[in-house]
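Following: one structure in structure tokens, then a few remarks.
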Amino acid sequence: MRSVILTADLLELPRKFEEFIRHRYPELERRVGAQEVRLSRIERDVERLKRDVEQLKKDVEQLKKDVEQLKRDVARLKGDNFKRKVREKAPSYFGRVLLRCRVISAEDFADLVDEAFEKGRITEEERLEALRLDVLVKGKLKESKKEACLAAEVSLTVDVEDVERAARRTEILNRLMDCPVLPVVIGERVAERAFQKAEELKVIVA
């Protein structure tokens, strides 16, 4: 239809116009081409940047997880170190209550617990509960001079759960020890609610 309606000159007009622009403004064509190349590079850079941002997000999430795990590991190490310190310097921690304080070793304590279990004085569940006790010390009560043991739960920050564990494990130990056992909690910090629970359950806060 175009060839029927339009003359040959009109049909050639677009091509001639392009040739005119190319010959008359060669710099313009070169610049347009350069801009297209630059735009293509920018698009590739943007895509690469998007991928880098996504990877960065993943790395940040992993870093957050690693930091949280590190915090837990450090807290566990601090807690273990504090428990070791309490065992090594037991008289300084229990001296307010006991004279001639001595730590009962884990092996001797396990023998006492296992003997009671073998004789049917405690259940398997109670045996395992008792064996999880942090520290057991023996000595003489300052006031009465009577022999007694202190069953201690040790934590950097003492909370209600520590108080309840001390009371629960002491109840078991009182059925297998040859002297009274008193529950104790020891910590560098003690939550206010833990003080209230300790008073309620008659647990010593050392």
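Which trypsin sites (Lys or Arg not before Pro) in segment 93-198 sit in a loop by DSSP (not H, G, I, E or B) and have at most 15 other Cβ atoms within 10 Å of their own Cβ? Can you show the working numbers first?
Working: sites: Arg96, Arg100, Arg102, Lys119, Arg121, Arg127, Arg132, Lys138, Lys140, Lys142, Lys145, Lys146, Arg165, Arg168, Arg169, Arg175, Arg189, Arg193, Lys197; in loops: Arg96, Lys119, Arg121, Arg132, Lys142, Lys145, Lys146, Arg175.
The qualifying sites are Arg96, Lys119, Arg121, Arg132, Lys142, Lys145, Lys146, Arg175.
Amide H of Ile104: which non-local residues (sequence gap of 5 or more, or other chain) have their own amide H closer than 5 Å, using H built in the peptide plane?
Those qualifying (amide H under 5 Å, at least 5 residues apart or on another chain) are Leu136, Val137, Lys138.
Please sort by residue number the GluC sites (Glu not before Pro) in segment 142-206 whose DSSP state is loop and whose Cβ has at most 15 other Cβ atoms within 10 Å. Write out the running numbers ahead of the final one.
Values: sites: Glu143, Glu147, Glu153, Glu161, Glu164, Glu171, Glu188, Glu192, Glu199, Glu200; in loops: Glu143, Glu188.
Here the GluC sites (Glu not before Pro) that fit, given the DSSP loop and packing criteria, are Glu143, Glu188.
Under the rule a/c < 1.5 gives rounded, and otherwise a/b versus b/c splits prolate from oblate, where does segment 30-91 land using the Cα gyration tensor? If you can, show how the numbers build up before the last one.
Details: a/c = 15.20, a/b = 7.60, b/c = 2.00.
Note, shape of segment 30-91 comes out prolate.
At 0.36 nm per residue, minus the direct Cα-Cα distance, what do Leu70 and Leu141 gain on full extension? Give it in nm, one decimal, please. Each step should come with its number before you reach the end.
Working: separation 71, 0.36 × 71 = 25.56 nm, distance 4.16 nm.
Between Leu70 and Leu141, full extension yields 21.4 nm more.
When Rg is the radius of gyration of the Cα atoms in segment 53-206 and Rh is its Kirkwood radius, what does Rg/Rh come to?
Working: Rg = 18.9 Å, Rh = 17.0 Å.
Ratio of gyration radius to Kirkwood radius: 1.11.
For an R0 of 41 angstrom, estimate the FRET efficiency from the Cβ-Cβ distance between Lys58 and Ser92 and round to the nearest 0.05.
Numbers: r = 49 Å, r/R0 = 1.20.
Rounded to the nearest 0.05, the efficiency is 0.25.
May I ask for the net charge around Asp114, where only other residues with Cβ less than 13 Å from the Cβ of Asp114 are counted and Lys, Arg are +1 while Asp, Glu are -1?
It works out to a net charge of -4.
Does segment 124-175 come out rounded, prolate or oblate, given a ≥ b ≥ c as the square roots of the eigenvalues of its C-alpha gyration tensor, rounded meaning a/c under 1.5 and, failing that, prolate meaning a/b above b/c? List each step's numbers first, then the result.
Numbers: a/c = 2.32, a/b = 1.35, b/c = 1.72.
Verdict is oblate for segment 124-175.
Read-outs: derived from the displayed coordinates by stated rules, not from any lab. Just so we're clear, the structure is a prediction, and the values are computed from it rather than from any experiment. Cβ: placed from backbone, ideal geometry, glycine included. Neighbour counts: every protein chain shown.
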